[in-house]
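Asks: Before we start, here is the structure in question, set down as structure tokens.
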Amino acid sequence: MDTIRQRDSRYTTRRVILTVLLFLFGIGCLLPLAWMISTSFKPELDVFEYPIHWIPKRWNFNTYKTVFTDKLFPKYFLNSVVVTFFSVAGNVFFSAIAGYAFARLRFKGRELLFMLYLATMMVPNQVLLVPKYLLFQWLGISNTHLTLILPAMFEVFSVFLMRQAFMSVPGSLSEAAIIDGAGPFRVFWQIILPQIKPTMLTVTLLQFTSSWNDYINPKTYLSRDWMYTIPVGLQKFQLSNGSSYSTIMAGTAVSLIPILVLFVFTQKYFVESVASSGVKG
């Protein structure tokens, strides 16, 4: 009995220590974000004060006014919204169809084809920059937002997550629907797809973050300033406001708002999906 109590006590102690360490790690990760937001509301003279005043002594809202009245920054933001929206919508749609095919449809060479498809994840994106650039020129879509949207619609990892989610759905659901007279299309859209809502939201979050933060592709495939998205636009914005750190922090804070909002509303489903995606092999 004493041994069991000692074991439980050690287990509880380890959990408390681990919880405290993770809490401190989380605080450390949030400090740069907190400093950025605090700095964005400070006058320029107060930015590098030491010790740091996390709550500004003097509030300065002109930084955000500068961001929203800038000639190109609102355009950068709108470009990111358009590119990210169509990238996410296409990614969720096509990965759901492909994942369903790899999980439920039986055809010769299915497993081999899926393994070969997964193997493409080992090819770095940097290796494909030049071939994709030449392909976009051949298709006549170079220097357009389609060069960012089309590749983002077909992500291997999204298909993998969808496949794993479809495999976790009991086959009896689709069998019962077929017996009741439902066709393949209805089984997919009305019976199976609603069962993987957490995974769909996870794919949405991952693809949204990837497209919104993408820097190298817009920098490579776009050459007109007014077509740039937020990551490249922030660099341009920084160059034009190089001596105003508070204004730069304000622009950065504005660019993070969509990601933070989306994460707050999808974090529950993200955890559920991560916990279940690796169950089926």
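The values are calculated or read from the model by the stated rules, or taken from the named source; none is laboratory data. Quick caveat: nothing in here was measured; it's all calculated off a predicted structure. Quick reminder, even Gly has a Cβ in these numbers, built from the backbone with ideal geometry, and neighbours come from all protein chains shown.
Asks: Need a quick list: helices (runs of 4 or more DSSP H) entirely within region 122-188 having at least 3 residues that are farther than 22 Å from SER87 by Cα and either touching a strand residue (DSSP E or B) at 6+ places or on another chain (Cβ under 6 Å) or assigned by TED's automatic domain parsing to the domain that holds THR229 (or both). Let's see the steps before the verdict.
Replies: Details: elements: 125-139, 146-152, 156-167, 171-179.
Because the criterion is at least 3 residues that are farther than 22 Å from SER87 by Cα and either touching a strand residue (DSSP E or B) at 6+ places or on another chain (Cβ under 6 Å) or assigned by TED's automatic domain parsing to the domain that holds THR229 (or both), the helices (runs of 4 or more DSSP H) in region 122-188 that meet it are 171-179.
Asks: Applying the selection to region 40-68, what residues are β-branched (Val, Ile, Thr) and either in the same structural domain as ILE248 (by TED's automatic domain parsing) or in contact (Cβ under 8 Å) with a residue 60 or more places away in the chain (or both)?
Replies: Listed by number, the residues that qualify are VAL47, THR63, THR66, VAL67.
Asks: Follow-up. Any idea which of (1) under 15 Å from GLY251 (Cβ atoms); (2) surrounded by 14 or more Cβ atoms within 10 Å (Cβ to Cβ) is the one LEU33 doesn't satisfy?
Replies: (2)
Asks: Regarding LEU105, is this residue within 30 Å of MET167 (Cα to Cα), assigned by TED's automatic domain parsing to the domain that holds VAL159, among the hydrophobic types (A, V, I, L, M, F, W, C) and within 28 Å of the chain's Cα centre (by Cα)? Walk me through it before giving the result.
Replies: Numbers: within 30 Å of MET167 (Cα to Cα): yes; assigned by TED's automatic domain parsing to the domain that holds VAL159: yes; among the hydrophobic types (A, V, I, L, M, F, W, C): yes; within 28 Å of the chain's Cα centre (by Cα): no.
Spelling it out, it is not the case that LEU105 is within 30 Å of MET167 (Cα to Cα), assigned by TED's automatic domain parsing to the domain that holds VAL159, among the hydrophobic types (A, V, I, L, M, F, W, C) and within 28 Å of the chain's Cα centre (by Cα).
Asks: Regarding region 252-260, can at least one residue be identified that is closer than 20 Å to VAL82 by Cα and small (Gly, Ala, Ser)?
Replies: Looking for residues that are closer than 20 Å to VAL82 by Cα and small (Gly, Ala, Ser), one finds at least one in region 252-260, hence yes.
Asks: So, one more: Please work out which one of (1) more than 14 Å from SER255 (Cα to Cα); (2) in the same structural domain as VAL187 (by TED's automatic domain parsing); (3) free of Cβ contacts under 8 Å to residues at least 12 places away in the same chain is the condition PHE94 fails and give its number.
Replies: (3)
Asks: For region 1-117, list the helices (runs of 4 or more DSSP H) that sit wholly inside it and hold at least 2 residues that are of a type in the set (Gly, Ala, Ser) and under 30 Å from PRO218 (Cβ atoms); which are they? Break it down stepwise before answering.
Replies: On the way: elements: 2-40, 62-69, 73-104.
Result: 2-40, 73-104.
Asks: Name the residues in region 73-113 that are farther than 22 Å from TRP189 by Cβ, of a type in the set (A, V, I, L, M, F, W, C) and crowded, with 18+ Cβ neighbours inside 10 Å, would you?
Replies: Across region 73-113, the qualifying residues are PHE73, PHE77, VAL83.
Asks: Hey, among VAL187, VAL159, which residue is surrounded by 13 or more Cβ atoms within 10 Å (Cβ to Cβ), out of contact with any Pro (no Cβ under 7 Å at 6 or more places or on another chain) and without any contact (Cβ under 8 Å) to a residue 24 or more places away in the chain? Steps first, please.
Replies: Values: VAL159 fails: without any contact (Cβ under 8 Å) to a residue 24 or more places away in the chain.
None of the other options fit; the residue is VAL187.
Asks: So for region 72-82 (the condition being small (Gly, Ala, Ser), in contact with a helix residue (DSSP H, G or I) (Cβ under 7 Å, 6 or more places away or on another chain) and not assigned by TED's automatic domain parsing to the domain that holds MET162), does at least one residue qualify?
Replies: no
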